[in-house]
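Colleague: The structure's right below; bear with me while I get my questions together.
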């Protein structure tokens, strides 16, 4: 026998609040946006398709290219990856070149970034 009937109401209220807060948090998680890249992709970066053949040899847009010593490759989560982990994959990227024309920085694009495209870039000037 329960001596305090108010305790049942309190339990029911707690359960209702817990259930309601679960619904609210599930609704909030449905609106997840992709985090910004820090540091952001360089404004000077060109768009291309990267295929790593045998590091440091790569194909950039189907043309032979070479990774610079100390080249930085960032994956879709903005984490650094080594070129050997990308062997044989064709990846939509944005990249910069160093003054010698070697590929220096690479950002592998997320699906949303790749779909968004980017404005046409002027042709790079030869050094």
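Colleague: Hey, which of the strands (runs of 3 or more DSSP E) in the stretch 38-96, taking only ones fully inside, have at least 2 residues that are closer than 20 Å to residue 111 by Cα and over 14 Å from the mean Cα position of the chain (by Cα)?
Modeller: 46-54
Colleague: Looking at (1) within 16 Å of the chain's Cα centre (by Cα); (2) surrounded by fewer than 18 Cβ atoms within 10 Å (Cβ to Cβ); (3) modelled with pLDDT of 95 or more, find the lone condition where residue 105 falls short.
Modeller: Answer for residue 105: the failing condition is (2).
The values are calculated or read from the model by the stated rules, or taken from the named source; none is laboratory data. Bear in mind that the values here come from a model prediction, so they are computed numbers and not experimental data. Neighbour counts are summed over all protein chains in view; Cβ atoms, including those assigned to glycine, are modelled from backbone coordinates with ideal geometry.
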